[in-house]
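Here's the structure, in structure tokens; my notes come after.
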Amino acid sequence: MDATVIVINTIAIISFLIALLKDKEKAKKSLLVAGKSFIRILPMMFIIIIVIGLLLGFVPPEQISKFIGKQSGIWGVLLVGIVGTFMFIPALLSFPLAASLLESGASVTAVAAFITTLTMIGVVTLPLEIKELGKKMALLRNGLSFVIAIIIAFIMGAIL
Amino acid sequence: MKRQEKQKDERKAKKGIIRDLIILGIFLAITVILLIEFPDKREPVIATSWDFFLEMILILPAVMVLLGLFAVFVPKNMVVKYLGKTSGIKGIFLAILIGALPTGPLYIAFPIAATLLKKGARISNIILFLSAWACIKIPQELVELQFLGLQFMVTRLILTVIFVIIMALIIEWIMKWSENKGGVKNAV
């Protein structure tokens with residue numbers, strides 16, 4: 001078991017104990033909410049796990065790095081960025097998927113673009129966003145988020 | 001009224017889970033066929049999936065507990081209460097902090113942002129709030145730490161905060177500029 005696992009679980013346990021001291025009822029309710037969300041995310045988690053297994057098992061790293069590796073340049077990054085905007089999976093599950101891409105030859109730039117567009121931009125939820133915030137603001141937010149996601153990705157690629 | 005909404009939410013959640021289970025079934029079937037056709041791939045595919053399963057199952061329950069705590073202990077109306085009026089540097093950091101605390105998918109935040117808009121909160125703060133909600137969550141950062149490492153997580157976090165602030169100010173500027181232009185046109 002690595003350090004991160006221990007850190008995350010320790011934080012969760014301590015937070016829960018503090019919550020328990022503050023308000024027993026609310027703490028219990030939190031656990032119920034946690035349990036429900038966990039069950040809710042399980043099927044999607046298994047889908048992602050299968051996709052990762054198939055990806056790493058069947059797609060040769062040369063193929064992945066050809067499309068979204070270091071030498072693929074801006075087009076590869078734009079491609080994963082666009083895929084990220086259309087994907088409608090919980091942000092939590094985008095990280096293992098991103099890690100598997102990284103493992104199989106994708107560049108840091110591509111992976112950073114993927115995560116950032118996936119979390120910040122929602123093409124699927126865009127109609128709802130337009131309804132609530134107006135066309136101009138919703139389109140500006142999603143459009144500029146895409147631009148900064150690509151910028152962040154290239155800076156990350158240059159630094160790391 | 002509230003109870004009705006709750007029931008509706010629960011029905012929606014049930015529908016979602018059934019849809020996910022169907023997709024999972026399709027993926028499982030495809031995988032079984034592929035692994036029967038290509039026996040030499042069985043070992044690498046199963047080993048990889050198993051590794052990722054272990055990594056996830058060791059942290060997801062803890063992450064869910066944190067999400068649950070945030071959901072129950074951070075009231076939704078806190079957002080409107082604190083973000084309605086503040087501005088300046090304090091507003092910027094408050095917007096990010098308040099966006100980073102509550103939990104749930106981004107589309108839950110849209111109605112809250114709409115309320116803020118109606119109450120006259122600064123546009124830049126609303127954009128910051130939405131962006132923070134989308135990608136600066138503590139439990140989310142922890143999962144990123146687990147799978148992509150400390151360096152990746154911290155670098156992306158810092159860059160995201162910087163660029164999200166710049167973006168928020170640009171959007172506010174554009175919105176105001178186009179409003180003024182519209183105003184002049186209407187006046188003429």
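Data overview
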quantity: From phi via Karplus (6.51, -1.76, 1.60), per-residue ³J(HN,Hα) for segment A:38-53 in Hz, x at Gly/Pro; calculated: 5, 4, 4, 8, 4, x, 4, 4, 5, 4, 4, 4, 5, 4, 4, x
quantity: Per-residue average of Cβ from other chains inside 10 Å of B:102-113; calculated: 4
quantity: Positive-end residue of A:S65, A:I152, A:A110, charge dipole of segment A:1-156 with Cβ unit charges; calculated: A:I152
quantity: Distance in nm between pseudo-label sites at B:K90 and B:Q7 (7 Å out along the Cβ direction from Cα); calculated: 4.6
quantity: Full-extension gain in nm, B:Y82 to B:L157, via 0.36 nm per residue minus C-alpha separation; calculated: 24.6 nm
quantity: Trypsin sites (Lys or Arg not before Pro) restricted to segment B:1-99 and DSSP loop, no more than 15 other C-beta within 10 Å; calculated: B:K76, B:K85
quantity: Separation in nanometres of the label points that stand 7 Å from Cα toward Cβ, at A:K136 and A:F88; calculated: 2.9
quantity: Descending semi-axes in Å of segment A:1-58, equivalent ellipsoid built from Cα gyration tensor; calculated: 31, 17, 4
quantity: Of A:K28/A:K131; A:K131/B:K8; A:K131/B:K14; A:K22/B:K12; B:K6/B:K137; B:K14/B:K118, those spanning more than 27 Å from alpha-carbon to alpha-carbon; calculated: A:K28/A:K131; A:K22/B:K12; B:K14/B:K118
quantity: Shielding by partners - mean other protein chain Cβ count within 10 Å, residues of A:53-62; calculated: 5
quantity: Selected from A:L42, A:L78, A:L17 as most flexible by GNM, with chain A as the system and alpha-carbon contacts under 10 Å; calculated: A:L17
quantity: Farthest toward positive dipole pole in the protein assembly as shown [+1 Lys/Arg, -1 Asp/Glu at C-beta], among B:A29, A:I82, A:L133; calculated: A:L133
quantity: Calculated from backbone phi, Karplus (6.51, -1.76, 1.60) coupling profile of segment B:159-166 in Hz, x at Gly/Pro; calculated: 4, 4, 4, 4, 6, 5, 5, 4
quantity: Sites B:A29 and A:V59 - FRET efficiency at Förster radius 25 Å, r taken between beta-carbons, to 0.05; calculated: 0.80
quantity: With all protein chains modelled, accessible area of A:D23 [1.4 Å, Å²]; calculated: 60
quantity: Accessible surface of A:S37 - all protein chains present, 1.4 Å probe, nearest 10 Å²; calculated: 40
quantity: Kirkwood-Stokes translational diffusion coefficient of chain B, alpha-carbon pairs, 37 °C, 0.692 mPa s, µm²/s; calculated: 164
quantity: Percent of Cα pairs exceeding the 18 Å cut-off, where the set is chain A; calculated: 68
quantity: Overall Cα dimensions of the protein assembly as shown, principal axis frame, Å, largest first; calculated: 74, 53, 36
quantity: Integer Hz, Karplus 6.51/-1.76/1.60 couplings in order for segment A:86-91, x for Gly and Pro; calculated: 8, 6, 10, 10, x, 3
quantity: B:W173, B:W50, A:W75, ranked by accessible area, largest first (probe 1.4 Å); calculated: A:W75, B:W173, B:W50
quantity: Angle in degrees between helix B:123-135 and the longest Cα principal axis of chain B, rounded to the nearest 10; calculated: 10
quantity: Pairwise centroid distance, computed over Cα atoms, of segment A:94-160 with segment B:136-157, Å; calculated: 15
quantity: Shape category assigned to segment B:2-72 from the gyration tensor of Cα positions, a/c cut at 1.5; calculated: oblate
quantity: Shape call, segment A:82-135: gyration tensor on alpha carbons, a/c limit 1.5; calculated: prolate
quantity: The protein assembly as shown - charge dipole about Cα centre, Lys and Arg +1 at Cβ, Asp and Glu -1, debye rounded to 20; calculated: 2000
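The values are calculated or read from the model by the stated rules, or taken from the named source; none is laboratory data. Keep in mind that what you see is a predicted model, and the values were worked out from it rather than measured. All Cβ positions, glycine included, derive from the backbone under ideal geometry; neighbour counts span all protein chains shown. With ligands, DNA and RNA removed, areas are computed over all heavy atoms of the protein, side chains included. Shrake-Rupley method; radii C 1.70, N 1.55, O 1.52, S 1.80 Å.
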